[in-house]
Structure formats: structure tokens, C-alpha cells
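Below is one structure; the comments refer to it alone.
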Amino acid sequence: MQTLPNAPQTASTLDSHPIETAIRRRKTRPVKVGNITIGGGYPVVVQSMINEDTMDVEGSVAAIRRLHEIGCEIVRVTVPSLSHAKTLGDIKQRLIDTYQDVPLVADVHHNGMKIALEVAKHVDKVRINPGLYVFEKPKADGGEYTQAEFDQIGDKIRATLEPLVVSLREQGKAMRIGVNHGSLAERMLFTYGDTPEGMVESALEFIKICESLDFRNIVISLKASRVPVMIAAYRLMVRRMDQLGMDYPLHLGVTEAGDGEYGRIKSTAGIGTLLADGIGDTIRVSLTEAPEKEIPVCYSILQALGLRKTMVEYVACPSCGRTLFNLEEVLHRVREATQHLTGLDIAVMGCIVNGPGEMADADYGYVGKQPGYISLYRGREEIKKVPESQGVEELIDLIKADGRWIDP
């Protein structure tokens with residue numbers, strides 16, 4: 001269940017000017033997606049997408065459930081054909097009957113009006129790609145688009161988009177206008193180039209059609225596989241929305257980030273940079289791995305930035321010549337014993353020089369004070385000194401004594 005976070009606190013000042021130590025998020029309108037709200041000050045929402053063929057009802061239901069059970073709050077599925085779209089009704093009902101009503105998003109791409117209208121009956125949000133939703137045949141002469149030609153295509157887009165907008169509006173459902181850097185429409189490429197400007201103008205064209213139809217349950221994304229392009233597009237989108245008085249929430253992601261360590265670093269560089277600016281209301285880390293591998297990365301990004309707390313925060317020094325025990329080994333043992341807990345800060349510090357000061361904000365501390373012994377702290381208070389061999393066990397006992405322990 002979502003709860004509104006506390007307002008950011010001002011932790012210190014410099015020459016009477018406040019210095020923020022918490023991220024102050026951009027104000028956006030709330031958009032309901034099933035039982036989850038994106039924007040409106042609610043916690044940043046975690047999303048992912050299943051790999052299963054949507055025609056496989058049982059396989060899709062199992063995949064959605066696996067993601068939801070580990071913390072994925074909204075799940076996206078692909079619908080490449082009308083047959084896939086119709087099957088979504090069975091998937092949704094099967095989830096309700098055997099598990100729960102998980103918020104679902106349908107991914108609609110090429111010439112998508114018929115597919116989109118069908119999936120709108122079954123899911124909580126429809127994602128469309130402005131560059132592919134209406135097919136734009138390249139100009140035969142390769143020349144510039146006249147204003148009349150530009151407007152003519154715009155009218156075709158409106159006619160194709162309007163039935164979907166009306167359907168979603170009447171059902172109280174949501175739309176994601178999901179622009180991809182690699183699939184901009186022909187006239188946007190010709191007019192603006194393969195640029196963040198083209199991405200933003202593509203999104204704005206669709207937003208304005210939605211607004212003219214009194215529909216504002218909209219989430220925007222502007223994804224790119226190159227981090228600098230992705231960051232520039234979102235920052236420009238925010239600037240343009242501010243100029244136009246728009247407050248739509250943003251879905252962040254680096255598309256096609258790859259796999260392994262670099263895929264995670266690349267996603268963190270793009271998503272984390274924008275979140276630190278206060279930009280972003282929902283995220284997806286797109287890895288070339290099992291979707292379940294994406295969720296821990298999302299939560300790690302959010303936790304590192306102080307936007308959500310879903311696991312233990314470990315504070316540990318990098319080790320040096322003063323360290324009085326095998327810090328890496330001890331940190332591993334502490335983590336193994338406590339990683340199932342939620343919301344605690346636990347510090348593991350190698351010596352007394354940095355220990356109490358560097359871990360001052362931690363709930364509990366494990367500090368080397370003399371060879372063979374460690375000191376346990378509750379906050380800034382030293383509670384006891386125990387043999388190193390008993391350190392982890394004594395730490396657990398201390399957490400239990402405070403009533404903050406739960407069995408794994």
C-alpha cells in the first residue's frame with residue numbers, strides 16, 4: 001500500500017541559506033494506475049516488463065506474479081496483435097481469481113488504434129509510442145514538410161488517437177506517452193533532427209491532443225539508450241512543461257541499457273541523475289536479463305537517494321591500516337544475518353578513529369576498538385564491548401532487545 005512520504009527536511013545552513021540534504025521532488029499531478037498512484041507526491045513507483053508471449057496466459061500470469069511479489073508495483077506486457085490484446089482480458093481475470101489485481105500496462109506500437117482500443121478494456125494504462133502509433137510514409141521527394149503537410153499528418157494523428165483517449169477518459173484509466181529516441185516519426189526527424197527537441201515536441205503534440213479532449217491522466221517518458229540524450233530530453237521536457245503550465249508525472253528509464261555491471265551503472269547514471277534533480281515519478285531499469293533482476297536495481301537507486309527505504313542501509317568504511325578485523329568478511333556476515341530487515345541503518349566500521357563519527361546517523365554500529373574485541377553502538381551510544389567471535393550474535397540480540405528484529 002502506498003503512503004505519502006514526509007516532506008524533505010532542511011538539515012543545515014550556510015550563511016543563512018538553507019542547504020537541502022533531501023531531494024525536493026518536482027510537483028506533479030497524481031495519475032492512478034489501478035491501485036497505484038504515479039506522481040502527486042507519492043513514492044517513486046517501480047515498474048518492469050514480462051518477457052512472456054502474452055498469448056501464453058498461464059506463463060504471463062506466473063511472470064507477472066513473480067515480479068509483483070518482489071516489489072514491482074506496475075507490470076507492462078506487450079501486445080503486438082489484436083489476438084494478444086484480447087488475451088489480456090483472460091490474464092487480468094486470472095490474476096484476480098488466483099492472486100490479486102496487479103496494475104497492468106499494455107505496450108502498443110505499430111498502427112495501434114484497434115489494438116489500443118481492445119487493450120483499454122482490460123488494463124489500467126495503455127502505453128503508446130508517438131513515433132509508431134500512426135504510420136508516416138517518408139516523403140518521396142525528401143523535401144521539407146510544409147505547414148499544411150505537417151498539419152495534415154497532425155489531423156490524422158488526432159483522428160486515430162481520439163477514440164483511445166475517449167475510452168480511457170470514460171473508464172478513468174491512464175495513458176503513457178512513451179517517446180523513444182530511436183523511433184521518432186519521420187517529420188519530427190526531418191524538422192528537429194534526431195535530438196531531444198524532436199523527442200519533446202513529439203510528446204507535446206500528443207499531450208495537446210489529449211488536453212483538447214479533456215484527458216489528463218497522462219504519464220510521459222522520453223527514453224534513449226545514450227544517457228546524455230536521455231537526461232537532456234527529460235530536462236527539456238520539464239522546462240517546456242513549466243512554460244506551458246503542465247505538471248504531468250515522468251517515467252524514467254535508459255532503454256536498451258544492456259546487462260551486467262555496466263547495464264546497471266548506465267541505468268543508475270541516467271535515472272539517478274534525474275531523480276537527484278527532483279525529476280521522475282516512476283522508473284524502470286531495462287536490463288537484458290530476467291525481469292526479476294531489474295527490481296533490486298530500482299530499489300537500490302531509490303534507497304541510495306533517500307527516496308524509498310525498502311532494505312537495510314549498510315554504512316561501511318573502505319578499510320585501511322587501522323582496521324582491527326577483516327572488514328569485508330565481517331560486513332558479509334552482518335549482511336547475511338540482517339539483510340531481511342527493513343528500514344534499519346547498520347554501520348560496520350574498522351576502527352575507533354572514524355567509527356562513532358562516520359556512523360553517527362546509523363541505528364546500530366559494529367566498531368573495532370581493540371584487537372579481538374568490537375564495540376556495539378545504538379546510535380551514538382556505546383552499549384557493550386564483546387569478543388569479535390560473538391559480535392554478529394550480540395548485534396542481533398541488541399536489535400531483538402529493541403523490538404526491531406523479525407525472523408527471516
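Computed from the coordinates by the stated procedures, all read-outs in this text should not be read as laboratory data. This one's a predicted model, so the numbers in the text were calculated from it and none came from an experiment. Positions of Cβ are backbone-derived with ideal geometry, glycine not excepted, and every protein chain shown enters the neighbour counts.
Computed from Cα atoms alone, the Kirkwood hydrodynamic radius reported for the chain is 23.5 Å.
Computed from the alpha carbon positions, the gyration tensor of the range 9-118 leads to an equivalent ellipsoid with semi-axes of 38, 16, 11 Å, biggest first. Between Gly182, Tyr42, Leu331, the Cα set farthest toward the positive side of the dipole of the chain (charges on each charged residue's Cβ, about the Cα centre) is that of Tyr42. Considering only beta bridges that DSSP places wholly inside the range 10-304, some 20 percent are antiparallel. Seen from Asn35, the other residues with C-beta closer than 15 Å to its C-beta sum to a net charge of +1, counting Lys and Arg as +1 and Asp and Glu as -1. Relative to the longest principal axis of the Cα atoms of the chain, the long axis of helix 260-276 lies at roughly 80 degrees.
For the residue pairs Lys27/Lys156; Lys125/Lys293; Lys27/Lys114, the alpha carbons lie more than 27 Å apart in Lys27/Lys156; Lys27/Lys114.
Of Leu82, Leu104, Leu244, the residue with the greatest mean-square motion in the GNM of the chain, using alpha carbon springs below 10 Å, is Leu244. Neighbours of Ala276, meaning other residues whose beta-carbon lies under 15 angstrom from its beta-carbon, give a summed charge of +2 when Lys and Arg score +1 and Asp and Glu score -1.
In degrees from 0 to 90, rounded to the nearest 10, what is the angle of the helix 57-69 Cα long axis to the longest principal axis of the chain? For helix 57-69, the angle is close to 40 degrees.
With Cα atoms defining each centre, the range 278-315 and the range 49-93 are spaced 22 Å apart in the structure. Do the sum for the chain: with -39,500 (n - 2.57) for every DSSP H run of n ≥ 4, divided by all residues, what is the mean residue ellipticity at 222 nm, to the nearest 500 deg cm²/dmol? Taking each H run of at least 4 residues, the total per residue is -12500 deg cm²/dmol.
Loop-resident GluC sites (Glu not before Pro) (DSSP state other than H, G, I, E or B) in the range 111-182 with no more than 12 further Cβ atoms inside 10 Å of their Cβ: Glu144. Label positions at Arg378 and Val166, each projected 7 Å from the Cα along the C-beta direction, are separated by 6.6 nm. Within the listed set Lys369, Lys114, Lys125, the Gaussian network model of the chain (springs between alpha-carbon atoms below 10 Å) gives the highest mean-square fluctuation for Lys369. Converting phi to 3J(HN,Hα) with the Karplus coefficients 6.51, -1.76 and 1.60 and the offset θ = phi - 60°, the range 377-385 yields 10, 10, x, 8, 8, 6, 9, 6, 10 Hz in sequence order, with x at every glycine or proline. How far is helix 327-338 tilted off the main Cα axis of the chain, in degrees rounded to 10, range 0 to 90? That works out to roughly 70 degrees. Neighbour counts of C-beta atoms inside 10 Å place Arg169, Arg24 in the sequence Arg24, Arg169, starting with the fewest.
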